[in-house]
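The values are calculated or read from the model by the stated rules, or taken from the named source; none is laboratory data. If you're wondering where the values come from, they're calculated on a predicted model, not measured in any experiment. Note that we place each Cβ from the backbone using ideal geometry, even for glycine, and neighbour counts take in every protein chain shown.
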Amino acid sequence: MSFIKQVAHVCAFTNDLGATETFWTEVLQLPITFRFTRQGKPYGFYFTAGGRTNVEFFEKADARFEETNRINHIAFEVEDMDKAVAHIRSKGVSITDKKFGVDETWQAWTADPNGIKIELFQYTPTSAQFVGGDRAADW
């Protein structure tokens, strides 16, 4: 048994705090939990991502976003993949079609304005996360 209870938060940098806020609040529909300010100006924020899990952003003008970043993506569980994909597309944001993964979950991929990859994730009754068993990666 692990001493880890759950993900508390994932932290990322942004070059554009306003565009990041718009994407995460309007496209992904996550509420802002609280904001950080520095010298009276917005500097960052926490988004509630379900339960006690949060995503945290800080503005950093010199941040670079590359494929080789240590964090590859953030995955969010959704209740209805078709509805989530349709909503994101209605906001003019590109997202892949849903795909049934080797772990028997539904998946779709988008990215925020900083290029942070976001996986939408819908469990099924036969998802490996629930029933176990090794799965051969097909990517």
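Listing for the model above:
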read-out	value
Candidates THR48, THR110, filtered to the one that is hydroxyl-bearing (Ser, Thr, Tyr), closer than 18 Å to ALA19 by Cα and touching a Pro at 6+ places or on another chain (Cβ under 9 Å)	THR48
Qualifying positions in the stretch 44-98 - surrounded by 15 or more Cβ atoms within 10 Å (Cβ to Cβ), in contact (Cβ under 8 Å) with a residue 40 or more places away in the chain and touching a Lys or Arg at 6+ places or on another chain (Cβ under 7 Å)	MET81
Selection within the stretch 117-139 - farther than 18 Å from THR96 by Cβ, more than 20 Å from the chain's Cα centre (by Cα) and not aromatic (Phe, Trp, Tyr)	PRO125, THR126, ALA128, VAL131, GLY132, GLY133, ASP134, ARG135, ALA136
The stretch 37-49, subset small (Gly, Ala, Ser) and modelled with pLDDT of 90 or more, residue nearest to the chain's Cα centre (by Cα)	ALA49
